[in-house]
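What follows draws every value from the coordinates through simple rules; no lab data is involved. This is a predicted model, so every value here is computed, not measured. Reconstructed Cβ throughout: ideal geometry from the backbone, glycine too, with neighbour counts over all protein chains shown.
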Amino acid sequence: MKLYEYQAKELLHKFGVNIPKNYLITDVHQIEQFDAPFNYPIYIKGQVLAGGRAKYNLIKEANSLEEVRHMVMTMLNTTVDGLFVPSVLLEDKVIGDNLYYMSIVNDRNARKPVLVASLQSGGDIEEFAKSHPQQVAKQLINPLTGLHSYQALSVADELNLPRHLWRAFDELAQAMYRCYVHYDATLVEINPIAYTHEYGFIAVDAKMKVDDNALYRQPDILSWQHILHMSDTEKLALEAGVSYVKLDGQIACVVNGAALAMTIMDMTYSHGDANITPACFLDIGGGADADRVVKALKIAFSDENVKAVICSIFGGMTRCDEIATGIVQAYRLLNPNIKTIIKLQGTNALLGWEIIQNANIGNLQMAMSLGEAVKLAVDAVGGMLS
Amino acid sequence: MKLYEYQAKELLHKFGVNIPKNYLITDVHQIEQFDAPFNYPIYIKGQVLAGGRAKYNLIKEANSLEEVRHMVMTMLNTTVDGLFVPSVLLEDKVIGDNLYYMSIVNDRNARKPVLVASLQSGGDIEEFAKSHPQQVAKQLINPLTGLHSYQALSVADELNLPRHLWRAFDELAQAMYRCYVHYDATLVEINPIAYTHEYGFIAVDAKMKVDDNALYRQPDILSWQHILHMSDTEKLALEAGVSYVKLDGQIACVVNGAALAMTIMDMTYSHGDANITPACFLDIGGGADADRVVKALKIAFSDENVKAVICSIFGGMTRCDEIATGIVQAYRLLNPNIKTIIKLQGTNALLGWEIIQNANIGNLQMAMSLGEAVKLAVDAVGGMLS
Amino acid sequence: MSLFINASTRLIVQGITGKHGSFHTQEMLKYGTMVVGGVTHGRGGEWVHGVPVFDSVKAAMYATDANTSVIFVPPRFATDAIFEAIDAQVPLIVCITEGIPVYDMMRVYAYLQTSNSRLIGPNCPGIITPPNAKVGIIPSEIVRPGNIGIVSKSGALTYEVMQSLFQAGFGVSTCVGVGADPILGTSMVEVLEAFDDDPETEKVILLGEIGGRAEIRAAEYIQRYMTKPVVGFIAGKTAPNGVRMGHAGAIVEDGDSTAIAKIQALTRAGARIAEQPEHIADLLR
Amino acid sequence: MSLFINASTRLIVQGITGKHGSFHTQEMLKYGTMVVGGVTHGRGGEWVHGVPVFDSVKAAMYATDANTSVIFVPPRFATDAIFEAIDAQVPLIVCITEGIPVYDMMRVYAYLQTSNSRLIGPNCPGIITPPNAKVGIIPSEIVRPGNIGIVSKSGALTYEVMQSLFQAGFGVSTCVGVGADPILGTSMVEVLEAFDDDPETEKVILLGEIGGRAEIRAAEYIQRYMTKPVVGFIAGKTAPNGVRMGHAGAIVEDGDSTAIAKIQALTRAGARIAEQPEHIADLLR
């Protein structure tokens, strides 16, 4: 789960990271009455779950209360390039001599967290690391023993950071690591960090991602989930525990297993008719029950673009009788004028077939192979489009 | 540093351990106005840093507000068997079906923390473990990976705890371990724990010790240090960073190093004259400077019983010139009518000798061996006593 | 010979009394796997499909002399279950559970390095060595003994491939699902190494997907060391960037983690890559 | 031969720019120890008593080919210093620092078990092997080469004993201060073992005190395995129960941790126990 800038800063601040004085506007009434004591100019920052906000005009500088109000009004509750702006952060403009980059992120290849820092800030650190490997320093962290000060200091050394800043640099890294561990983050990033005489290191912008699998033990983060701007469909998917990715085509892929779902997507794309493509990726995961299938199909049917569904299940953990029951329930409940091509195999597949056949629903069609399923779905869409 | 019962309970409660409703009285005015909504009978518990409070009449049961007031008045600010009672805890009387014991403590031999639990509560668990090894279960904890649930459950299994309590038992152990780690405890003990239908497991009495060496990173605990009932001398020792143990005799032992100080104590005791024994153990530690020596001597001189001081230093980390400077400063400052027998050897011993000799103070006397130092000190005391 | 499991595998099932644990215990028994015990804390003394349940892995190991454990417990207890198995010195641990937090798995992985246990998974379908050893959830009716080794990140896709092999007349030496989480106990490369050493295996199928660099590393290994032919399939050519596709690990985060990059690396390394799963059998001939 | 250090010891000093680090660097150099480098983060490039200072242990190890490190940094940085030395694969680490939290040391000890480093201390005076190798703070003017090995928990008491040996004409093979903290990198028993194997050592002095079971374990070892005679002294016969006597470790917590119990165990094991330190020399004859 991605966090908004102001959320990331709030959490980092709890662990000792300095952040600029700020004020969050979530409601237009707040700005009408707004008169907080800032020294102008201040930053006006639209909160969206994406980087590169400057190019969307979501980061501006205001020189007066008038300007603040005007800018907030222009940003708040708008949608910029598909990104909704639920809140605007007013923030002291920090003027630092130098700007730095620091992050703690999971290094999948090393199977450890890694501390990454650079004297260069802004932009994509991975790209920058490739072009300027000398200017980005990394230290792998043993998750059993944590980030050692000597490691943070060796990063400072490698970057030729002025020596009087080393202790503060270590403290910043330690604070970030504690925050990373405490909140089950997969990424904690401050970019840029400024250094000022007043505050020392201070976070100008911050990003944080929290492991979805750990949200059950992160009540504070979980309580922020409702603030996320999600479509009704996304909310339904979250509740149902299915993995949902909306795409632009007409064929919904309801599958148990990400790789198989992607395979069906790939096969649909390569089918030849460029106008017929997947409508969504819906991974119902392992061991789904009938209820989850109903919810997944509800999501599929709720998309107006959807003209056909491929429901391909190869049961291992998943039991095909549960799947079949769910499909039948969904049709009984919603009775959509949409064909679902069903491929059932593996655990209890025969039971599943029986349930489908006994239900005797016209829009349900069986397929014996992936190729056949894709072909039947494309034909169904073709029939409706023509 | 030992914590009071109410402090231990407060910390445990922060980490999720249930504790009875309670109310702390630290001032006699509180009890005059006291009218908190308890259901009688309630416990009245004098807070002291020692176990076995029942035998000092520091744990009582009150059946009315009148009784509460009377009992608190009798206990508060009294001294029972050398233990000052700075506060009294009023507490709901919990009635549980069974009483249990659980602690997390540093196992010095295994060099790991250990979870200890028993279905038997009260009394000395170590003694009980020796006599009833079957009824006390232990699990060593790897400090790099923490207490695993399977370990807590295996303790529950070993104790034949009813199975419906296993999950709650694990949660209790996990809460205690988190508390132990968070506060750098060397002991977290709940004894007894009751099990009630209303609360589940609940801490009836609790003990906690925090590692003195870790207090620098435990600001909450450190802030409690001022509440500890310490004599002025103990406070001075704490500030000076010297280790002070008051004893009943006449010879103060000011030494760098615990083993050497204890050796001098042992030699003083075995000197033959049972009336002449050590007055205190004063370990100034490694690398002491002149200032610390002045403070140590101040502590020694402040005890009216002290008739002579043995100051025996074998410098490794400690530099004898610093020691000598400190001794001379203390005599110039306080000019006590007490002899100090000085033995200086090791790092910069010659410089030290010179400083002492140049100071030309009549009460300073040099010794060449431990035996001689003890003899001179005993003689000095003998002269004063006779 | 075979990989990791065979006819002398003695298996315990952690989470045997749960819905999935119980169901797949029965499936594994049916297939012929020696399931000698199960573990559910607080349920010791019960029986599940004729298998005795113990209160701890240690007790189960002691009583049954098992050499392998499979984990079916829910994600919030699975980390503890893996630690318990490692501490009980189970030589082979197969974790089916999906949804374990990454931080937990990084800790498990670091701890594993100090032990003698091998972990397969988590978030994997397990291992099958026909005709009679199965640890995990791979459907057994679609596989017969043979000389094709399979290493895969996924579940359902693997079953699709296994079925098309079955229909095409191929048999399998061992199929290992390494899992699709970002942090795995055993990597694709380690399984390729084992296949290369396994006399039962003549050709190897590698099934990958977007996310991570496991397939890139596999390509490096194949190019440098692998003596047996490899046929591959990589899912997710059309997956959008930066979006998690179901699996915690299935996300394109940099150039190396795209399907195209992986297909190119494997092709350069000499592996033959199928356009779609049903073509794999053709490439094996 | 000798224990742990000798003429080919190449030493780096962690915390060399501090007051104690700098002073004892000079003392060790005077004695003839090859102090080849020092470490203080952020002070690399400076020199202390002719010894180059580096910004990290890794850099110092790389530049100087050292094989031993001694730690003089304050307690709140000492844990990090030990981890740094272990991670830089220093074979022998001697930690002088007093006051490291017990929890930190339990973590260090667990980590140490997964490495190839030996840790002596913390809260110890170090090691001296006359005539020219000294790592730590043991005063060198009171020791001459010889065949007596000393293992001790304490500092000042050890120096007293060393001086009385010196005056009585005895020489020392190696003196090892294992430290007086509750958790130590190297135990008394490990040092006794090393003395038993050391051809330079003929007799061994063991200096103990109240607290812990190290001396009880030493007694068990002496009884079962030790071939060389042991003379001992235990401080704290008159220490009150339950009170911490200076050292973090010096506290009577149970029967085994009293001086009397230790003296009895050692006596039963065949060691000769001195009534006071100055009698030790007599028992060696």
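Here are the numbers for the structure shown:
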{"quantity": "Square roots of 5 times each gyration tensor eigenvalue, C-alpha, segment D:14-83, largest first, Å", "calculated": "16, 14, 11"}
{"quantity": "Mean Cα-pair separation over length for segment D:139-284, i.e. relative contact order, pairs under 8 Å, 6 or more apart, %", "calculated": "25"}
{"quantity": "Size of electric dipole in segment A:200-326: Cβ of Lys, Arg +1 and of Asp, Glu -1, about Cα centre, debye, nearest 20", "calculated": "100"}
{"quantity": "Size-normalised alpha-carbon gyration radius of chain C, reference 2.2 N^0.38 Å", "calculated": "0.96"}
{"quantity": "Relative contact order of segment B:231-385, pairs being alpha-carbon contacts under 8 Å that are 6 or more residues apart, as %", "calculated": "24"}
{"quantity": "Chain B - convex hull of the alpha-carbon atoms, volume per residue in Å³", "calculated": "168"}
{"quantity": "Pairwise FRET efficiency - B:E354 versus B:D220, Cβ, R0 = 45 Å, nearest 0.05", "calculated": "0.40"}
{"quantity": "Mean shadow area of segment B:250-348, taken as a quarter of the surface of its Cα convex hull (nm²)", "calculated": "5.5"}
{"quantity": "Cα-Cα pairs of segment A:111-181 separated by more than 20 Å (percent)", "calculated": "29"}
{"quantity": "Using a 7 Å Cα-to-Cβ projection, B:K14 label spacings across copies, nm, ascending", "calculated": "1.5"}
{"quantity": "About the Cα centre, charge dipole magnitude for segment D:139-284 (Lys/Arg +1, Asp/Glu -1 at Cβ), debye", "calculated": "260"}
{"quantity": "Per-bin percent of Cα-Cα distances, the protein assembly as shown [10 Å]", "calculated": "2, 8, 13, 17, 18, 17, 12, 7, 4, 2, 0, 0, 0"}
{"quantity": "Residue and distance (whole Å) for the chain A Cβ nearest the axis that superposes A on B", "calculated": "A:L144, 2"}
{"quantity": "Per residue, the convex hull volume that the Cα atoms of segment A:199-295 enclose (Å³)", "calculated": "172"}
{"quantity": "Farthest positive-ward along chain C dipole, Cα basis, beta-carbon charges - from C:V94, C:M28, C:A281", "calculated": "C:A281"}
{"quantity": "Rg to Rh, two decimals, where segment B:1-140 supplies the alpha carbon set and Rh follows Kirkwood", "calculated": "1.01"}
{"quantity": "Cα lying deepest toward the dipole's positive end in segment B:231-385, options B:T340, B:A261, B:W353, charges on Cβ", "calculated": "B:W353"}
{"quantity": "For A:R332, inter-copy label distances in nm, listed shortest first [label point 7 Å out on the Cα-Cβ vector]", "calculated": "10.0"}
{"quantity": "Cα convex hull volume per residue for segment A:21-92 (Å³)", "calculated": "75"}
{"quantity": "Degrees, to the nearest 10: C:19-31 long Cα axis against longest axis of chain C", "calculated": "80"}
{"quantity": "GNM result for chain B, Cα springs below 10 Å: residue of B:A168, B:A279, B:A259 fluctuating most strongly", "calculated": "B:A259"}
{"quantity": "Nearest 10 degrees, 0 to 90: helix D:259-268 Cα axis against chain D principal axis", "calculated": "70"}
{"quantity": "Nearest-to-axis residue of chain C, judged by beta-carbon position, where the axis maps C onto D, in Å", "calculated": "C:T114, 2"}
{"quantity": "0 to 90° range, to nearest 10: angle between helix D:75-87 axis and chain D longest Cα axis", "calculated": "80"}
{"quantity": "Cross-link pairs beyond the 32 Å C-alpha cut-off, checked among A:K9/B:K14; A:K235/C:K19; B:K209/D:K237; A:K55/A:K298; A:K138/C:K228; B:K130/B:K207", "calculated": "A:K55/A:K298; A:K138/C:K228"}
{"quantity": "Point-charge dipole on Cβ atoms (K/R +1, D/E -1) for chain A, about Cα centre, debye to 20", "calculated": "540"}
{"quantity": "Relative contact order [Cα under 8 Å, 6+ residues apart], chain A, whole percent", "calculated": "12"}
{"quantity": "Over segment A:84-144 - Rg/Rh using Cα atoms and the Kirkwood inverse-distance radius", "calculated": "1.09"}
{"quantity": "Cα centroid separation - segment A:202-232 against segment D:32-109, whole Å", "calculated": "41"}
{"quantity": "Euclidean distance between Cα centres, segment B:297-311 to segment D:241-285, Å", "calculated": "27"}
{"quantity": "Computed [θ] at 222 nm, helices only, for chain A once each DSSP H run of length n ≥ 4 contributes -39500 (n - 2.57)", "calculated": "-11000 deg cm²/dmol"}
{"quantity": "Sites D:T267 and B:M73, calculated FRET efficiency, Cβ-Cβ separation with R0 51 Å, nearest 0.05", "calculated": "0.40"}
{"quantity": "Highest-fluctuation residue, D:A63, D:A133, D:A269 considered, GNM on chain D with Cα pairs under 10 Å", "calculated": "D:A63"}
{"quantity": "Given charges at Cβ of Lys, Arg, Asp, Glu: the protein assembly as shown dipole, positive-most of B:H182, A:G96, C:T114", "calculated": "C:T114"}
{"quantity": "Cβ-vector label at 7 Å, C:R10, separations to other copies in nm", "calculated": "5.2"}
{"quantity": "Most mobile listed residue (A:K207, A:K112, A:K130) in chain A, GNM with C-alpha springs under 10 Å", "calculated": "A:K130"}
{"quantity": "Theoretical FRET efficiency, 1/(1+(r/R0)^6), r = Cβ-Cβ of A:D379 and C:K30, R0 60 Å, to 0.05", "calculated": "0.95"}
